[in-house]
């Protein structure tokens, strides 16, 4: 049984311009100890998906099953045990820590809210955790603004792990950090995964970070998963033209002054194109793509793509 | 060799609170793309603003000169300098979302620069704005010209910024992290556009970025900055193939993007320990606190950029010594 | 710009703010004056044990005419200086009490509306709108006239017309703060609503509330004085406004009877507003860096 | 075209939102006044000396005060639906007529006060922001802080002492020289002379508010990225200030103007008392004192209505200035 399984999840918002379909029919599973990468550009709904899984946003429909229990049905009060087992690490280390609280308070509060241990036990756990994430004990009496971005992200990781979760959703955890700091945080996350036997849903817009970090990768476009494969397969043989464009768009010295892989802008999630969502930008789209939305189909073991022309490199002749 | 288009020498920027840029020098030739690379706090954006003379009032700039087409920009009276800005040297910024005035249409903002520098009538300026929007590949330019910025996507706004920047055919375009706020597929389009315009309009491009991938793909030459100082300067491809400065080497090793073989199951990424904050108050080389090969002499005074081979400069005496010893060994 | 230079370790936010406040000479001057006024208010029974409403002197003494009554006397022979001393009590009591009550109501309603949003927010915003659409001083006159003018009713009346200002402010703060990741994190950690509102969000919303509170004390004092001037003050207590109102008839000849209590009002209110400005500078250093 | 449609949508939204607000105000005010001890009959009876139970009952019946409160409210609302504000028991005339007599002078006073507040405030604020941190800013900041701290009635009285009593330049009250029989330009001049002092007393506080607001807004806008873009284009400082800074800085200032209208109306009560100005404020005050609640309700309702109209105008102005404003 997978640790987390999401089935046909929809999260829609009402906006002045209509219904914003941020997550629009996503299914996925995460096994115990697995690191699943979720990649996509802004507005694709990857962050909303993460927040919906954690019930920080309520889904419009669909199921989120964690360890056999449907967490969508749980009332707010009954969420407590789930909150202990599923946690989140945020993108912006400047806004994700309360500027008015000391690090000690930030780390102790989750324990006392969930009634874990007595005062001494909490103190012991907090101290162990802060050292585990590579910060000196003297950090505890300090406030977030006294730390650099990378150090704050370490505090954010400590806070997410203090309750001993099984699943951690990392929402762009390194994209606000400088390159020289990114590696430190990625390495720390890997150590934590090993030490605490964590499962990750690792959300990022940066394919190269995902490439390093994920066992399996989901590619999202406008609220849907368009391709899903084990990391190595995805890099070696991307089936969806969008995945291919993403890979080719990574700046790379071996492609000196090459033209951009695809043109056009991402459509607004309030106004999703009919048929295949990607067809207005797709280099290999045909008439069927404007009419019928392709389903996520298995093309090779463990490798799914939602494309009428999956794997083709050029536009097939129209029938 | 003819004089370069832009020649910055010994640039130092002081604020009451500190000196974020010290002793920086580099040159940009006609039609060349020079990347200035560094992480936040390296002083790369301040350097760009210093060239434009747009630093905050509290900043003091001292320099051996910022020579542009042979004239020292720092010595120009302000009205003279205004005739350079937007006409000879243009600049685009990181945040296309906030860099356009929200209450003026795109067309009016482009026309403004044309009317100012070329004295066009408002009608002619409008026509030219539509052409410029077409030049930067904005679809339906005759409609978009009357749009307010908030109606456009980030990529489109950055295109509008570029249209505004190239309106008067500048000889130099400074692009300060032009794609950092954009998605990766849009980033590729914008960089592609910038490079095409550089060729078609015959301008030089100073590309300020933190992304070594961008440098490798689009730049001719690159200046690596660390904590306000030049660390290394080289041809872009040469630098990526064979980085010399320990900071550049660390950055390349720590960067997951350039090597597909890296995977967490295969072992950790190489880290640069510590952070750039450690450079504060360092009397010697600012990288010393994080450097694996620092010698006691590195702590005494900041190393100058020294030429090791033609077109290749580094500010690291230990590396320099090693390289020279190697070269001598080969020569013998 | 990406030139955010790493900041070296700094002392805690409130400590820095306190020092900035203490270094501000205008703030110190204003605080000094307020301490003086407060001391006078407390000591009123010692300085002038007699009822300030009783006749003690020849009417219309100009200031300086009789050293026993340094600020002169009014048409009924009441000592102006005694009135000033006793009047400070009313101003301060009503100013502070009305602020405390108004801020409490405003914080609760604003926090509720801003934090929960949705229908609750819509309803509360409507309520605020109703209060803000009615001219507040007119409303105050109606409230006080209906409930009989007394210190208590004036205080409650002023609180009832000032809370919407605070509610709007607090709502806006809460709406922006609840979107911050640290609040999302708190929800993700399973914290309850009350904990999130009072422990996570409210401390971050305090700086503007504190600044506005000092301004509200000032405006409450202004409102009380205007009410008393119109004859809607507590008839059993002397106040600066009623001193001005009572001697309006003789304004053309004995204008000092208007000027003296007016100066007391202006100085007190000015001091409070100066403190408000100084607090603003100290608590929001970014916006006032150019000052 | 597109622009016009957008403004129309904003207008429609504002109007739709105003209806429940007005209804809420009517009901709230009505119930509030009914809570009050004493009614018009009590006051009139008190003035006539002792009155018998029968006269009281008769008076109450005549004024419609003898039925349950809820019924009175419904009667009032149905009157209102026919655009009638009822009768004043006190003056024995329709409330709308009574208000109609007073409204123009109050509107003139407020209009002038607002014009002074806006014009002077924005000029003051811009001047402060452009010289931020230097002596003109410091001096003007002190001046605006003093304006901000002075009670309107007191400055009104002091202005009378100075300009009418001591200097004799301006009249000390009323809105025209009674019995002078002035016509044409002289009449207008006379009215203006009467208006200067009251309008100034009313405006000073708001001069300070708009000044401080404008200063903050200009400083905030000046630090925006698009101002740097404008500088990078080579625009001279004056063009940057006018085209890019001031226009954007006016946005927050106009937003708050609507909110302050209620305050100015309230302030008019006091200032009208000081200057014996025959306006709505005085009417309201007199009707409170006489428990003439129909008139009072009428004034409250009308002033709320004025505030709502002003807010609508402000919304439209704001939508026109700021293209980002969309219908929510």
Exercise. So, of the residues in region B:59-97 that are in contact with a strand residue (DSSP E or B) (Cβ under 7 Å, 6 or more places away or on another chain) and over 25 Å from residue B:32 (Cβ atoms), which turns out to be nearest to the other protein chains (Cβ to nearest Cβ)?
Worked result: B:59
For this session: Mind listing whichever residues of region D:270-288 are assigned to a helix (DSSP H, G or I) and more than 7 Å from chain C (Cβ to nearest Cβ)?
Result: D:271, D:272, D:274, D:280, D:281, D:282, D:283, D:286, D:287
Problem set entry | Test: residue A:134 is touching a helix residue (DSSP H, G or I) at 6+ places or on another chain (Cβ under 7 Å) and crowded, with 18+ Cβ neighbours inside 10 Å | no
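Yes or no, residue by residue, for (1) more than 30 Å from residue D:220 (Cβ to Cβ); (2) more than 10 Å from every other protein chain (Cβ to nearest Cβ):
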| site | (1), (2) |
| --- | --- |
| C:200 | no, no |
| C:241 | yes, no |
| C:248 | yes, no |
| C:254 | yes, yes |
| C:273 | no, no |
Exercise. Quick check: is even one residue across region C:155-162 within 26 Å of residue D:272 (Cα to Cα), modelled with pLDDT under 90 and within 9 Å of another protein chain (Cβ to nearest Cβ)?
Worked result: no
For this session: Answer with yes or no whether residue C:83 is buried (at least 24 other Cβ atoms within 10 Å of the Cβ), farther than 30 Å from residue D:299 by Cβ and not assigned by TED's automatic domain parsing to the domain that holds residue C:242.
Result: yes
Seminar exercise, completed: Exactly one of A:37, A:33, A:68, A:43 is out of contact with any strand residue (DSSP E or B) (no Cβ under 8 Å at 6 or more places or on another chain), in contact (Cβ under 8 Å) with a residue 24 or more places away in the chain and under 27 Å from residue A:186 (Cβ atoms), and that residue is A:43
Exercise. Just wondering, is there one or more residues in region B:140-152 that are within 14 Å of chain D (Cβ to nearest Cβ), touching a strand residue (DSSP E or B) at 6+ places or on another chain (Cβ under 9 Å) and assigned to a helix (DSSP H, G or I)?
Worked result: no
Problem set entry | Near pairs, Cβ below 9 angstrom, 6+ apart or cross-chain, from region C:8-36 (outside any helix (DSSP H, G or I)) to any residue that is at pLDDT below 75 and surrounded by 14 or more Cβ atoms within 10 Å (Cβ to Cβ) | C:10/C:16
Seminar exercise, completed: residue D:256: passes all of (1) crowded, with 22+ Cβ neighbours inside 10 Å; (2) more than 9 Å from chain C (Cβ to nearest Cβ) but (1)
Problem set entry | Qualifying residues in region B:229-252 (those that are facing another protein chain (nearest Cβ under 9 Å) and over 20 Å from residue A:182 (Cα atoms)) - the one surrounded by the fewest Cβ atoms within 10 Å (Cβ to Cβ) | B:241
Exercise. Can residue D:258 be described as under 15 Å from the mean Cα position of the chain (by Cα) and farther than 14 Å from residue D:118 by Cα?
Worked result: no
Seminar exercise, completed: Of D:102, D:138, D:90, the only residue that is within 14 Å of chain C (Cβ to nearest Cβ) and either in a loop (DSSP other than H, G, I, E, B) or touching a helix residue (DSSP H, G or I) at 6+ places or on another chain (Cβ under 6 Å) (or both) is D:102
Exercise. What is the residue count in region B:127-139 for residues that are assigned to a loop (DSSP other than H, G, I, E, B) and either in contact with a strand residue (DSSP E or B) (Cβ under 6 Å, 6 or more places away or on another chain) or in contact (Cβ under 8 Å) with a residue 40 or more places away in the chain (or both)?
Worked result: 2
Exercise. Over 25 Å from residue A:87 (Cα atoms), at the interface with chain B (Cβ under 10 Å from one of its Cβ atoms) and assigned to a loop (DSSP other than H, G, I, E, B), is that true of residue A:251?
Worked result: yes
For this session: Using the structure shown, decide if residue D:297 is in contact (Cβ under 8 Å) with a residue 40 or more places away in the chain, surrounded by fewer than 24 Cβ atoms within 10 Å (Cβ to Cβ) and either within 11 Å of chain C (Cβ to nearest Cβ) or under 30 Å from residue B:118 (Cβ atoms) (or both).
Result: yes
For this session: Name the one entry in B:151, B:82, B:87 that is surrounded by fewer than 23 Cβ atoms within 10 Å (Cβ to Cβ), closer than 23 Å to residue B:52 by Cβ and free of Cβ contacts under 8 Å to residues at least 24 places away in the same chain.
Result: B:82
Problem set entry | Some residue of region A:169-185 being outside any strand (DSSP E or B) and surrounded by fewer than 17 Cβ atoms within 10 Å (Cβ to Cβ) | yes
Problem set entry | One residue from D:168, D:179 being within 14 Å of chain C (Cβ to nearest Cβ) and in a loop (DSSP other than H, G, I, E, B) | D:168
For this session: Test residue A:108 against the stated conditions and say whether it is at pLDDT 95 or above, out of contact with any strand residue (DSSP E or B) (no Cβ under 8 Å at 6 or more places or on another chain) and surrounded by fewer than 24 Cβ atoms within 10 Å (Cβ to Cβ).
Result: yes
Exercise. Which residue out of A:297, A:291 is within 24 Å of residue A:10 (Cβ to Cβ), surrounded by fewer than 19 Cβ atoms within 10 Å (Cβ to Cβ), touching a strand residue (DSSP E or B) at 6+ places or on another chain (Cβ under 8 Å) and away from chain B (no Cβ under 14 Å)?
Worked result: A:297
Problem set entry | Meets criteria (within 9 Å of chain C (Cβ to nearest Cβ), in contact (Cβ under 8 Å) with a residue 24 or more places away in the chain, surrounded by 24 or more Cβ atoms within 10 Å (Cβ to Cβ) and out of contact with any strand residue (DSSP E or B) (no Cβ under 6 Å at 6 or more places or on another chain)) for residue D:267 | yes
Exercise. With region A:36-146 as the region, which helices (runs of 4 or more DSSP H) entirely inside it contain at least 3 residues that are more than 23 Å from the chain's Cα centre (by Cα) and at the interface with another protein chain (Cβ under 9 Å from one of its Cβ atoms)?
Worked result: A:103-113
Problem set entry | Members of region B:179-204 that are at negative phi, away from chain A (no Cβ under 12 Å) and surrounded by fewer than 22 Cβ atoms within 10 Å (Cβ to Cβ) | B:197, B:200, B:201
Exercise. So which of B:308, B:314, B:276 ends up being in contact with a strand residue (DSSP E or B) (Cβ under 8 Å, 6 or more places away or on another chain), under 23 Å from residue B:222 (Cα atoms) and within 14 Å of chain C (Cβ to nearest Cβ)?
Worked result: B:276
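The values are calculated or read from the model by the stated rules, or taken from the named source; none is laboratory data. This structure is a prediction, so every number in the text was calculated from the model and none was measured. As a convention, Cβ positions derive from the backbone with ideal geometry for all residues, glycine included, and neighbour counts pool all protein chains shown.
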